[in-house]
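Presented below is the structure to which this report refers.
The values are calculated or read from the model by the stated rules, or taken from the named source; none is laboratory data. On a predicted model such as this, the values are computed, not experimentally measured, just so you know. Positions of Cβ are generated from backbone atoms using ideal geometry, with glycine treated the same way; all protein chains shown enter the neighbour counts.
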């Protein structure tokens, strides 16, 4: 069904729609995605790969749902501050079943994992998309009444490890890591833990920081991400974060897969 | 006093003011920060953390002055080309006591340490902020009449080390490193050496390049940065460069602190 | 001749021209480069280094042609999503002899090597530049009739190596690496293999990912890049990607030069 919906988008249609948006409807302007006509006038090569390989092939691959591909793609774009494609991909994510409040939580999560400025820019652009679609997310809870259950044993171990290593290096970081991230952000019910992990892993790969993928990919798989989904996340990121970052991340994915007995060591 | 001034800003007030700027006053448009109302409509979660945790808590922490937090934050934003928050933070930096010419020198320093294009974009945005505040920095010296004193022994050692390692790899880089950076940029009196070091260390962490933090953090501490200031720089960067980059930098900070006898090895 | 042409540009002239473009002629707005007057009002220091050191000196150095410097610079700017200087540098590249279709191929190449969103933004900006210069690239082939010859032995070895290491980690990545990159993109005749290598190496350095420079710098030199050109690529990147990224890349360049017997080990 989802794949069908994606198929039914006229090629470049949404892209063209988005690129007209800033001119006609929005008071917020930034370098937007080019229209179909402009793309073909400037770079028939890029239009061809965008059309046939990315929209026409990558997004229809098995192994990772269109919804998850949207989460991975948005995480990569926001991490890299690539705002031109954000209007298109916020719209596509909503069409693929990501809810408005999940988008809000994804951006909030990425504020902590990729820097506040990326999230600020993304909120402004998402505001335009919400405006056009008549979406108001203001009733979603700033602070949730209930939080997701905490794995207290794992968290105690994590706290001890971090405190031992860095407690006298940066006590402020250690405190916020516990209070803001692991006892607060990660327990917000607006985004499933498995999806937060998918966002985090995608952001780490897109930022070129594979060293912390080990912890977060294990956490993602503990939270339900399958091996084939993790693998297809890399395929999606090859296009949206670039080949080199994926090649730097693959050895880490490999050793996580090996340590979990999913591939031969 | 500084903290008071920060407190007196109505929450989101400056942010809202900035976000209207491009519409009404400036001919230079880019994706700006969202207004308070928009932020709450799109992501109550992000508005909550921005309000209560970042503006309401982080900026008031002891250990690093608001002026230094502004320097760290601007360095992170410019390094990561996160332009949406720049108008707000240029204004906040001026309110926190960073002088107009120090802003000019910070941008110039970051041109060399993070790439020319980041500085070009920042100068354009700072020009708008200066325009609104009636600031003209044109009388500051392009080339200073007097330079800061040089530690000739340390510089001779640095030159020898770099020439031995890279003299036959990239002689152009080696020459400019000496002539443009260490005998010129670093000796400009418009920004104290300690502040240049703070800018450099922040940029290295924000760029995800901890490998050169050892040299520059030692230099920063030789230039007067205290251990608690260095530590709080990491706390500030956790929010503005993202947690993963800070976790990649903490082992390097730790080994520098250890080598200087500031924490147990 | 090329150097002469560059010399004849009034200092800041093109820069000033570009900065007026979005106001008067284009419906696509983003934070553009500041005008000469604004740069001098905001940061005489930055204007001085831009004028005397970058435009007045770096671009005239021997060892790397202005055309190649344009390719390196554009690769660094697009990789880092530094859009403010792109209009200026697309124009300069055309003046320096890079053809319109080579620009199209460079952007397409960088889509794969630095992420789709960077290329989308660049195509939009290049569209404006083409529009002003009356350039229409729409007749260039989306899919070329003929491809460059393939070194089948080297490619078979590469395929085997990658399949052995990552075939069970991310089969999708492995497939696209072969089908999209090495049997397709790299064989497009619109950009010489040596130039693709120059783009790739520049992108890897600018992205802070020196680990894959070994493969691609060797490939670049196999494709005709000389040692002095590789060395001057680093000098150019020091300014456009920042000093730290170049210092992280120099040890890799050094070991490649050593392994090829170009410098003593």
Can you tell which of C:36, C:105 is over 18 Å from residue B:112 (Cβ atoms), touching a residue at least 40 places away in the same chain (Cβ under 8 Å) and more than 8 Å from chain B (Cβ to nearest Cβ)?
C:105
Selection from the range C:223-244 of residues that are at pLDDT 95 or above and closer than 21 Å to residue C:150 by Cα:
C:224, C:225
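Scan the range C:49-106 residue by residue and report those that are over 16 Å from the mean Cα position of the chain (by Cα) and not in a loop (DSSP other than H, G, I, E, B).
C:49, C:50, C:51, C:52, C:53, C:54, C:55, C:58, C:60
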If residue A:70 meets every condition in (1) over 21 Å from residue C:111 (Cβ atoms); (2) touching a residue at least 12 places away in the same chain (Cβ under 8 Å) apart from one, which number is that one?
(1)
For residue A:36, are the conditions met, namely being more than 15 Å from residue A:237 (Cα to Cα) and at pLDDT 95 or above?
no
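Can you tell me which of A:136, A:128 is more than 20 Å from residue A:184 (Cα to Cα) and free of Cβ contacts under 8 Å to residues at least 24 places away in the same chain?
A:136
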Within the range B:221-261, take every residue that is assigned to a loop (DSSP other than H, G, I, E, B) and more than 9 Å from every other protein chain (Cβ to nearest Cβ) and give me the one that is surrounded by the most Cβ atoms within 10 Å (Cβ to Cβ).
B:225
Considering only residues of the range B:142-154 that are over 21 Å from the mean Cα position of the chain (by Cα) and touching a residue at least 40 places away in the same chain (Cβ under 8 Å), which is farthest from the other protein chains (Cβ to nearest Cβ)?
B:146
Going by what's in this entry, would residue C:121 be described as in a helix (DSSP H, G or I), within 7 Å of another protein chain (Cβ to nearest Cβ) and either out of contact with any helix residue (DSSP H, G or I) (no Cβ under 8 Å at 6 or more places or on another chain) or without any contact (Cβ under 8 Å) to a residue 40 or more places away in the chain (or both)?
no
From the list C:207, C:163, pick out the single residue that is closer than 21 Å to residue A:252 by Cβ and facing chain A (nearest Cβ under 7 Å).
C:207
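Pick out the one residue from A:178, A:214 that is out of contact with any strand residue (DSSP E or B) (no Cβ under 9 Å at 6 or more places or on another chain) and under 30 Å from residue C:114 (Cα atoms).
A:214
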How many residues does the range A:50-72 hold that are within 13 Å of residue A:198 (Cβ to Cβ) and facing chain C (nearest Cβ under 10 Å)?
1
Subset tally (residues that are touching a helix residue (DSSP H, G or I) at 6+ places or on another chain (Cβ under 8 Å) and more than 8 Å from chain B (Cβ to nearest Cβ)) for the range A:166-184
5
Considering (1) farther than 27 Å from residue B:78 by Cβ; (2) within 14 Å of chain B (Cβ to nearest Cβ); (3) at pLDDT 95 or above, say which one residue C:189 fails and leave the rest.
(2)
